[in-house]
Structures are given as structure tokens and as C-alpha cells.
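Written out below as C-alpha cells is the structure these notes cover.
Only the coordinates and a few stated rules stand behind these numbers; no lab work does. On a predicted model such as this, the values are computed, not experimentally measured, just so you know. All Cβ positions, glycine included, derive from the backbone under ideal geometry; neighbour counts span all protein chains shown.
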């Protein structure tokens, strides 16, 4: 994970008039921040997500995916009850991990749907990179299932 994080932190992309970093930092993250998040969600973060946050901090990847302390919350109903939201994309969709398996799910904000997007946080980040840091094309290609928020 360290080499991957280093690659993302040094990567850049061309914009119309300049070059821009792939990752835009918002706030540094320390062990005390991780401990506070883990107290709120009452589970331990996956080790690779923990490593990412400690090394990169909170911030935005390619203006597509946002990591903030505010996003961390436990889903209290539906098929993903007990999963922990850890990120939000530019469309307001959420990304959550299973505390028991580490599987990452995409949760569509505009439709009551969800889909497995990766087997763990490492695979999620590698998949994001392999899709050119474009989440919409990737999430549109997923086989979404109906989500019942009433349960």
C-alpha cells in the first residue's frame, strides 16, 4: 500500500491551463483522528484504509472521491446494515466497507441501489486508478441491486 499511496500522492493530471495533483489534501490525519473515528463507528478501520488516511490524510482524489471525517458513519438499516461509510463521490454517492469482510460497496444516492465494487480497500483504490480515476463510468458498469432503506 505504501508504494501505491506514494504514487498517487505524486501523480498529476493536465487541466486546460495547468497541471494539477491527482490528490488534493484537505487535512492531515493522525492516530488520534483514527481512534476518534473508530469510537464513533464502533469498529476498527481496515488496515489499508487506515494506512491511506495516515499517509494521505483527508482530501479529494481527482475531484471525484472525497475522504472526510464527516463521511464516516454506520449504516443503520437495509441490506448493508452495519457497514461503515468512508467516502463520498462528486455526485453524492457513498462508499462503505463491511467490518466483517472488508468488501467495499457503492451506494447510489439518486436511486435506491447498491453494488459490490471491490473485495477490499486496496482493490478499490487500484480499481479507481485502473479506471483513470473516473468513478461514474466504473459505477455505471456495476450490476446494481435494489436497496431497501425501510428494512
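Full extension of the chain between residue 4 and residue 43 gives 11.6 nm of extra length, using 0.36 nm per residue less the Cα-Cα distance.
Return the label of the correct value of semi-axes √(5λ) of the Cα gyration tensor in Å, as calculated from the structure shown, out of (1) 43, 17, 12; (2) 40, 20, 13; (3) 24, 20, 13. The value matching this structure is (3).
Calculated [222 nm] ellipticity per residue, helices only, for the chain: -8500 deg cm²/dmol; basis is -39500 (n - 2.57) per DSSP H run with n ≥ 4, divided by all residues, nearest 500.
Placing pseudo-labels 7 Å out from each Cα toward the beta carbon at residue 26 and residue 77 gives an inter-label distance of 2.7 nm.
When you restrict to C-alpha pairs under 8 Å that are six or more residues apart and normalise by the size of the chain, the relative contact order lands at 17 percent. Placing a label point 7 Å from the Cα of residue 115 along the Cα-to-Cβ line, the residues of region 128-151 whose backbone N sits under 20 Å from it are 128-149.
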